[in-house]
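Engineer: I have a structure I would like to understand better, so I am pasting it below and will then ask my questions one at a time.
The values are calculated or read from the model by the stated rules, or taken from the named source; none is laboratory data. Please read these numbers as outputs of a predicted model, since none were measured by experiment. Counting neighbours? That spans all protein chains shown, and the Cβs are built from the backbone with ideal geometry, glycine included.
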Ligand code: SF4
């Protein structure tokens, strides 16, 4: 992958990179990410393969944001993390003031690992707290104990000050009181950023199978909406900006890397199952661990799927993701990025959505109203 000679806009040439580390101590019941649980004997070979994939860049590509996700990147030992980070920064050096995020689980963050992360310039930690209630964590089949969350935050903050917490709502049996308590306990840790995700039952996961067998009951839509509105009210009252449907940040602490996805801009992706979007082409790497390793170590491309969307499809996709942002879609910027007029892409669904109070339109651009956010997926579907 060689950088073109001319300076390309951020929707064509990446200023962001995602790197996937699939290893986890155990497989949580709701998870359908590309993971490798209990397969630690492959970690060193995986790092060999990942380094081989990075060398396909041919020359180092400075980036403004780096995101190490998984899996659980901090499942690696301190020495393995050091190996990973030095390879990454050789090929994807971070510009000064760049954002370098890592996803972690509370039970994996030892002092020596945090020291390695901080020494290599990681400056943002996203912690998978999910819940502060032991019974909810058990339903989600998470491995950590609620008491580990505060300890992990405290340990991280000694070296890295930008901390985000992930929380899940809509867990079977979850009450509004429990969720209110989760939010309060998260806020007590003074996070810079919070992501609140509604639980989804992905086909084939253990949780989905348990629901199929009637062993767990999903919350109904009204109950979920109650929990979502509770999150918005509580977090906004605590000074957080609700800057994306599922994401809240203190001023200046929005996740710059994820904003690249919601702008539909380009990004590199490395590792098993990783996605990338470069020069208008979407690609996905092999999702099988051994297959990915074998391909990379035999100088073959790990790309499993590749498609170049027609410009009209790219414009529709841009509209769908940009609408997730609090600032919505700016007509002039949309035209510049996609070559299409927003009103043509949204066709005649725009005006009815405004009339029904789901969108606001101030002439410059459109954005979801609060009511629109509750049914964001349906609004986006109507516009497409
Ligand atoms: S720790 Fe995260 S990535 Fe790993 S199995 Fe659990 S939810 Fe999936």
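Engineer: Among (1) assigned by TED's automatic domain parsing to the domain that holds residue 167; (2) in contact with a strand residue (DSSP E or B) (Cβ under 8 Å, 6 or more places away or on another chain); (3) within 25 Å of residue 95 (Cβ to Cβ), where does residue 275 come up short?
Structural biologist: The number of the failed condition is (1).
Engineer: Also, quick follow-up: Restricted to region 41-93, and to residues that are within 16 Å of the ligand (Cβ to nearest atom) and not in a helix (DSSP H, G or I), which residue is surrounded by the fewest Cβ atoms within 10 Å (Cβ to Cβ)?
Structural biologist: Step one: of region 41-93, the residues within 16 Å of the ligand (Cβ to nearest atom) are 42-43, 46, 67-76.
In the following step, the residues that additionally are not in a helix (DSSP H, G or I) were identified as 67-72, 76.
Working: 67: 26, 68: 26, 69: 20, 70: 26, 71: 24, 72: 23, 76: 26.
Per the criteria, the residue is 69.
Engineer: For region 2-29, which positions are in contact with a helix residue (DSSP H, G or I) (Cβ under 7 Å, 6 or more places away or on another chain) and surrounded by fewer than 21 Cβ atoms within 10 Å (Cβ to Cβ)?
Structural biologist: Matches in region 2-29: 11, 25, 29.
Engineer: Same structure again: Does region 205-228 contain any residue that is within 22 Å of the chain's Cα centre (by Cα) and assigned to a strand (DSSP E or B)?
Structural biologist: Scanning region 205-228, I find no residue that is within 22 Å of the chain's Cα centre (by Cα) and assigned to a strand (DSSP E or B), so the answer is no.
Engineer: Ok, one more. So residue 254 fits all but one of (1) outside any loop (DSSP other than H, G, I, E, B); (2) in contact with a strand residue (DSSP E or B) (Cβ under 8 Å, 6 or more places away or on another chain); what number is the exception?
Structural biologist: Among (1) outside any loop (DSSP other than H, G, I, E, B); (2) in contact with a strand residue (DSSP E or B) (Cβ under 8 Å, 6 or more places away or on another chain), the lone unmet condition for residue 254 is (1).
Engineer: In region 1-23, how many are within 10 Å of the ligand (Cβ to nearest atom) and free of Cβ contacts under 8 Å to residues at least 60 places away in the same chain?
Structural biologist: So the answer is 1.
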